[in-house]
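> Before I ask anything, here is the structure I am working with.
Readers should treat all values here as calculations from the given coordinates under stated rules, not as data from a laboratory. Worth saying up front: this structure is predicted, and the values here are computed from it rather than measured. Here the Cβ is made from the backbone with ideal geometry for all residues, glycine too, and neighbour counts use every protein chain on show.
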Amino acid sequence: MNGNRSVLFVDRGSFVRRALGGLTAVSIAIAIGIAARADSGDPTAVARTLVNQALSVLGSNMTTHEKQERLRGVVEQSFDFTEMSRSALGYHWRDLTPAQRQEFTRVFTQFIEDSYLSKVSDYRGQTVTFTKTIQLAPGYSQVSSKVNQPQGGEPIALDYRLKYIGGQWKIYDVTVDSISIIANYRNQFNRVINNKGFPTLMADLRAKSTQLANALGES
Amino acid sequence: MPLQAIIVGCVRQSGGGAEKLKVEGRFKMKLQRESCSVRDGLSLGGFMAVIMMAAMICVSPAMAGESGAAASPPPTSGPPPGPNNGQPYPDPLEPFNSTMLNFNLKVDQYVVSPIARGYAAVVPRPARESVGNFFSNVGVIPRFANNLFQLRLTRAGTEVARFGINTTLGVAGLFDVADTWFGLKENRDDFGLTLGHYGVPTGPYVVLPFLGPSTIRDTVGLVADGAMNPLDWLTPWYVYIPANVGQFALAGINYRSLHLNLFEEVDRYAIDLYGAVQDGYMQRRANQQRKVDEGTVFGP
């Protein structure tokens, strides 16, 4: 808004222009600062933004397909899929060529997104409470939350693990009842690579992804 | 939760024996006898434990060496490395485990799941939750004993108090009023965790028929906890064996009826089902062990 005004006043004398220009610069800086703090400076805020956006999409009266498209965008801005892929492959990551890494990241990202999006139709008005944030190591945080079941029953403990990468906190793992999803996939991937080789893993991932995507299309 | 092993959950819930209820009136009087008998009961479990432990301790360093040599150092991507430091679990029993996992899945598919679905269709959820509470309540003795073994006297006391409250005010254990009215939480505990608390390693992963995923150490724990059922010492084998099997089956079907999509959910997202179940069990037990060692209360 200030930006527009400064453009309008641009030709009225240097004093006004400089004053407004200065004001604009300050307000933009503050806005960026606030946005940055809210979006990436604080791990709790990153997780909270993700969950709030996801809940508002899930609670809206969009079609399932529209919800999935919106959520794909929401997920992509909060997750670091490269870090997730690296972590899910463990020590096998180092044995891959850059092209293989890139291809794995692409396929695994698709698989994870399809997994999460296939849960959309299961949404039954659950609410989320954030409980605490702890530092796991320098540059690593864990944001804990509880998913409350509207029909009663024990809440599910859902924790987000974030890494500070390139000036932003990004989610690289999610734990359900303290079971790390990425560590679970790492064990599966280790076994498949060791027993049947990397190409089989890629084929299995693609097949599963297609299966999940088809299920998405039907719902 | 998806990754939790169905049947192991039931066994742990029901370790104490449904028949404990019958001797409920004499519980206080019997308590002293029980603490002696627990030792007697343990002598069998303990004996087996010692033998299996010895075997395991001889075997596991060799295995650790093997897997250590085969695997490269942990990933460079930083903490937290996750369970087993990002390495594959040593799994010398893999061929047997694989067969057993398939066997258990078939048992579930053709027997347990259909019965659980039918049962869930006729019995409403609150009633089934109450049945779960009942089995949890009669499993008090192993929880009490293991809290005692770990020298957590307050918690052992809490378990006794919970049993008293839930058996009386909670109508024979159908309602967990000790938690809802008095804030006394169940202290999940078992002999596998007690062994772990005193430094016994888990040993290799093993999938037991009907019982599901376990480790050598936790199998020893199952035997020891099972030996704490007073019914087993008071009645002949042709009474207590069918009684235990019956109770196990009922608890298992009840648990399954409360988690109808258990395997379907895991299978839907698994690339390698064996690996998913194995890691789910190992992570869950590692988390429970951490809580036991820290002294944090954790539920079923």
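> Provide the packing ranking of B:150-159, B:126-135, i.e. peptides ordered by the mean count of other C-beta atoms within 10 Å per residue, highest first.
Working: B:150-159: 16.9, B:126-135: 19.3.
For the peptides B:150-159, B:126-135, the packing ranking is B:126-135, B:150-159.
> Also, I was wondering about something else. Provide the net charge surrounding A:Y140, with neighbours chosen by a C-beta distance below 13 Å and charges set as Lys +1, Arg +1, Asp -1, Glu -1.
It works out to a net charge of -1.
> For A:Q168 and A:K196, what is the calculated FRET efficiency with R₀ set at 35 Å and r taken between the beta-carbons, to the nearest 0.05?
Working: r = 37 Å, r/R0 = 1.05.
Between A:Q168 and A:K196 the formula returns 0.45.
> Across the residues of B:271-278, average count of Cβ atoms on other protein chains within 10 Å?
Neighbouring Cβ atoms belonging to other protein chains average 6 per residue here.
> Sort segment A:13-209 into rounded, prolate or oblate with this rule: let a ≥ b ≥ c be the square roots of the eigenvalues of the Cα gyration tensor; rounded if a/c is under 1.5, and if a/c is not under 1.5, prolate when a/b is larger than b/c, oblate otherwise. Don't skip to the answer; put the middle values down first.
Numbers: a/c = 1.96, a/b = 1.45, b/c = 1.35.
Since a/c reaches 1.5 and a/b is larger than b/c, the shape of segment A:13-209 is classed as prolate.
> Which whole-Hz couplings ³J(HN,Hα) result when phi for each residue of segment B:237-253 is put into the Karplus expression 6.51 cos²θ - 1.76 cosθ + 1.60, θ = phi - 60°, listed in order with x for Gly and Pro?
4, 6, 9, 6, 5, x, 4, 5, 5, x, 5, 4, 5, 4, 4, x, 5
> Something else about it: Taking R0 as 25 Å, what's the FRET efficiency between A:E69 and A:K119 from their Cβ-Cβ distance, rounded to 0.05? Walk me through the intermediate numbers first.
Values: r = 15 Å, r/R0 = 0.61.
For R0 = 25 Å, the calculated efficiency reads 0.95.
> For segment A:13-209, what does the relative contact order come out to in percent, with C-alpha contacts under 8 Å and a separation of six or more?
Details: 230 pairs, mean separation 41.3, N = 197.
Taking the mean separation of contacting Cα pairs over the length of segment A:13-209, I get 21 percent.
> Find which of A:S141, A:Q126, A:Q68 sits farthest along the positive direction of the dipole of segment A:13-209, computed with +1 on the beta-carbon of Lys and Arg, -1 on that of Asp and Glu, about the Cα centre.
Highest projection toward the positive end goes to A:S141.
> Taking every residue in A:117-126, how many Cβ atoms of other protein chains lie within 10 Å of its Cβ, on average? Walk me through the numbers on the way to the answer.
On the way: counts 0, 2, 3, 0, 0, 2, 0, 0, 0, 0.
If you average over the peptide's residues, the count of other-chain Cβ atoms is 1.
> Quick one: which residues, 5 or more positions from A:S145 or on another chain, have an amide H under 5 Å from its amide H? H modelled 1.01 Å from N in the peptide plane, none for Pro or chain starts.
Those lying under 5 Å, H to H, from A:S145 are A:T131, A:L158, A:D159, A:Y160.
> I'd like to compare A:53-63, A:136-146, B:208-218: which one has the highest average count of other Cβ atoms within 10 Å, and what's the full order after that?
Peptide ranking by packing, descending: B:208-218, A:136-146, A:53-63.
> Shifting gears a bit: Just to confirm the filter: which trypsin sites (Lys or Arg not before Pro) across segment A:90-135 are DSSP coil and have at most 10 other Cβ within 10 angstrom of their Cβ?
Values: sites: A:R94, A:R101, A:R106, A:K119, A:R124, A:K132; in loops: A:K119, A:R124.
Of the trypsin sites (Lys or Arg not before Pro), the ones in loops of segment A:90-135 whose Cβ has at most 10 other Cβ atoms within 10 Å are A:R124.
> Work out the mean other chain Cβ neighbour count within 10 Å for the residues of A:203-213 and drop it here as an integer. Can you show the working numbers first?
Details: counts 0, 3, 1, 0, 1, 4, 0, 0, 1, 2, 0.
Average neighbour count from other chains, rounded to a whole number: 1.
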